[in-house]
Amino acid sequence: VAARPLPWSRVHVLALWALLIAGGVVLFVGWWGTSGTSRLSRQVLWLNVAVVGVLVAGAGVVIWLATGRRAVGRRRLGLLHDPATVTELDAPAFTAHCRELVATVNMTRYHRADCSFVSGKAVRSASGAEHRRAGRQPCGMCLPEAAGEGGSR
Ligand SMILES: [Zn+2]
């Protein structure tokens, strides 16, 4: 799946605008209807029409935000590990894998093996002391010193 700069497609943008415009038109109709009358029963009727307009526009915004949030969640799952896929059986192996401290030859920082910065890269495992001797700093994202193997601070 190619990464898009925005979590919404053109269809989502059109749906948002359609609901905002429809809600705005209904709101305007409600205002138009109530502004020409002094009878309370007529005003309440047109006020109800205006409330429906606000609800339609609000539904458009809620659908817009929910769609965007869902797309961001899917993209995040593609970048990071899905905790639901780690079963009870392979949890110890996964934990041991996470404690591994890795880096490529050219990296200035070393990482936990599960860090997204080293995902798919040809990394080599070494101790924290060996990485520091090679001039590498611990990664600020995955905090490899907190992973256990760390050693001296
Ligand atoms: Zn890292």
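The values are calculated or read from the model by the stated rules, or taken from the named source; none is laboratory data. No experiment lies behind these values; they were computed from the predicted model shown. With ideal geometry, Cβ positions are generated from the backbone for all residues, glycine too; neighbour counts draw on all protein chains shown. For accessibility, only protein heavy atoms count, side chains too; no ligands or nucleic acids. Shrake-Rupley method; radii C 1.70, N 1.55, O 1.52, S 1.80 Å.
Worth a mention:
- Taking every residue in the range 136-147 that is open to solvent by 40 Å² or more (accessible area, probe 1.4 Å) and pairing it with any residue that is within 8 Å of the ligand (Cβ to nearest atom) and among the charged types (D, E, K, R), at least 6 positions away or on another chain, the pairs with Cβ-Cβ distances below 7 Å are Gln137/Arg109; Pro138/Arg109.
- Trp64 open to solvent by 70 Å² or more (accessible area, probe 1.4 Å), more than 30 Å from Phe117 (Cβ to Cβ), assigned to a helix (DSSP H, G or I) and of a type in the set (Phe, Trp, Tyr): no
- The residue of the range 1-42 that is least open to solvent (accessible area, probe 1.4 Å), among those that are of a type in the set (Phe, Trp, Tyr) and within 13 Å of Ile63 (Cα to Cα), is Trp8.
- Filter result (part of a loop (DSSP other than H, G, I, E, B), under 22 Å from Arg76 (Cα atoms) and within 10 Å of the ligand (Cβ to nearest atom)) within the range 86-113: Ala113
- Qualifying positions in the range 114-128 - within 13 Å of the ligand (Cβ to nearest atom) and under 9 Å from Glu100 (Cα atoms): Asp114
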